[in-house]
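To keep things clear, I will list the structure first and then write my remarks on it.
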Amino acid sequence: MSLQGKVALVTGAASGIGEQCARKLAAQGAAVVIADLNLANAQKVADDIVAGGGKALAVSMDVTSEDAVNAGIEEAVAKLGSIDVLVSNAGIQIVNPIEEYAFADWKKMLAIHLDGAFLTTKAAIKQMYAAGKGGSIIYMGSVHSHEASKLKSAYVTAKHGLLGLARVVAKEGGSRGVRANVVCPGFVRTPLVDKQIPEQAKALGITEAQVVKDVMLKETVDGEFTTVDDVANTVAFLAGFESAALTGQSIVVSHGWFMQ
Ligand code: NAD
């Protein structure tokens, strides 16, 4: 499944999972838009892809800002011609028990994960409809789109919400060739997870090694972390899938932590 001639925009692509998704999509022939709050890092990823013979553009984008999202998508279309694939991936994590969870943190989490998914979808789908070539929208969910964990009220709520959004987009976009799916990774060692290990150890009163073994990887079949490559391969598969046989779905990539 080649992505030659396609344009893929990945949010949060300056680091971790999003970065690897962008690199994988570029390796399969897509021109990739590295959209991130951190423009300096986005530019480094884009330069590296270009140095390797790929096509990439870095754009500054705060996914919680309608103006920033619209401007970033317009810049991408002006420079690269279309948006065929959207990977709505930007995300952060804030952990706390609910009785101590600051309302401001709750709103920040929902803004990045849900407003970001809505705003990027709204802007990208208009471009997909106008071009008349269909498209693939992929949301970065999580095992937490299906499961709950302590300390993660806002994250679990937001990641569950993405399933609903994807299903609506799948129904609305179906007649125009736009597919929407959710990829649901288990724990992946990225800066987002590295930051959580000491925070969870403190909140739960256990060691960092216990957080990894007894909290993060306890329910996996083999005690292994999922890798950025595992997730990027799944995203690339969904990006290149040819028909609406695969739409409105979630694919869990988690070493068996969650089985649906
Ligand atoms: P990461 O911290 O490595 O990368 C996140 C990127 O998002 C960063 O480059 C950051 O600058 C960007 N970002 C943050 N806020 C933004 C905003 N408002 N607008 C635009 N960009 C913004 O994190 P990661 O682990 O690669 O996570 C990526 C996605 O994968 C998130 O949605 C996360 O919830 C999801 N996820 C991660 C894991 C995991 O274990 N790491 C598991 C399941 C799902």
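The values are calculated or read from the model by the stated rules, or taken from the named source; none is laboratory data. This one's a predicted model, so the numbers in the text were calculated from it and none came from an experiment. Reconstructed Cβ throughout: ideal geometry from the backbone, glycine too, with neighbour counts over all protein chains shown. These accessible areas exclude ligands, DNA and RNA; they are computed on the full protein's heavy atoms, side chains included. Shrake-Rupley method; radii C 1.70, N 1.55, O 1.52, S 1.80 Å.
Out of the residues in the stretch 200-226 that are open to solvent by less than 60 Å² (accessible area, probe 1.4 Å) and under 15 Å from residue 185 (Cα atoms), state the one that is farthest from the ligand (Cβ to nearest atom).
223
Listed residues 60, 88; which is polar (S, T, N, Q), within 15 Å of the ligand (Cβ to nearest atom), in contact (Cβ under 8 Å) with a residue 12 or more places away in the chain and within 30 Å of residue 215 (Cα to Cα)?
The unique qualifying residue is 88.
Taking the stated definitions as given, is residue 124 farther than 18 Å from residue 19 by Cα and open to solvent by 10 Å² or more (accessible area, probe 1.4 Å)?
Considered against the rule, which asks whether it is farther than 18 Å from residue 19 by Cα and open to solvent by 10 Å² or more (accessible area, probe 1.4 Å), residue 124 comes out as no.
Please specify each residue of the stretch 1-41 satisfying the condition of being open to solvent by less than 20 Å² (accessible area, probe 1.4 Å), within 12 Å of residue 87 (Cα to Cα) and either in a loop (DSSP other than H, G, I, E, B) or among the aliphatic types (A, V, I, L, M) (or both).
Of everything in the stretch 1-41, those that are open to solvent by less than 20 Å² (accessible area, probe 1.4 Å), within 12 Å of residue 87 (Cα to Cα) and either in a loop (DSSP other than H, G, I, E, B) or among the aliphatic types (A, V, I, L, M) (or both) turn out to be 7, 8, 9, 10, 12, 13, 22, 25, 32, 33, 34, 35.
Return the pairs, sorted by first residue and then second, in which the second residue is more than 14 Å from the ligand (Cβ to nearest atom) and among the β-branched types (Val, Ile, Thr), the first residue lies in the stretch 126-148 and is in a loop (DSSP other than H, G, I, E, B), the beta carbons are less than 6 Å apart, and the residues are 6+ apart or on different chains.
Qualifying pairs under 6 Å: 134/178.
Would a scan of the stretch 230-237 turn up a residue that is in a helix (DSSP H, G or I) and open to solvent by 60 Å² or more (accessible area, probe 1.4 Å)?
There is at least one residue in the stretch 230-237 that is in a helix (DSSP H, G or I) and open to solvent by 60 Å² or more (accessible area, probe 1.4 Å).
Could you list all residues from the stretch 93-118 that are near the ligand (Cβ under 10 Å from one of its atoms) and open to solvent by less than 50 Å² (accessible area, probe 1.4 Å)?
93, 109, 111, 112, 113, 116, 117
Mind listing whichever residues of the stretch 75-85 are touching a residue at least 40 places away in the same chain (Cβ under 8 Å), surrounded by fewer than 24 Cβ atoms within 10 Å (Cβ to Cβ) and in a helix (DSSP H, G or I)?
Listed by number, the residues that qualify are 77, 80.
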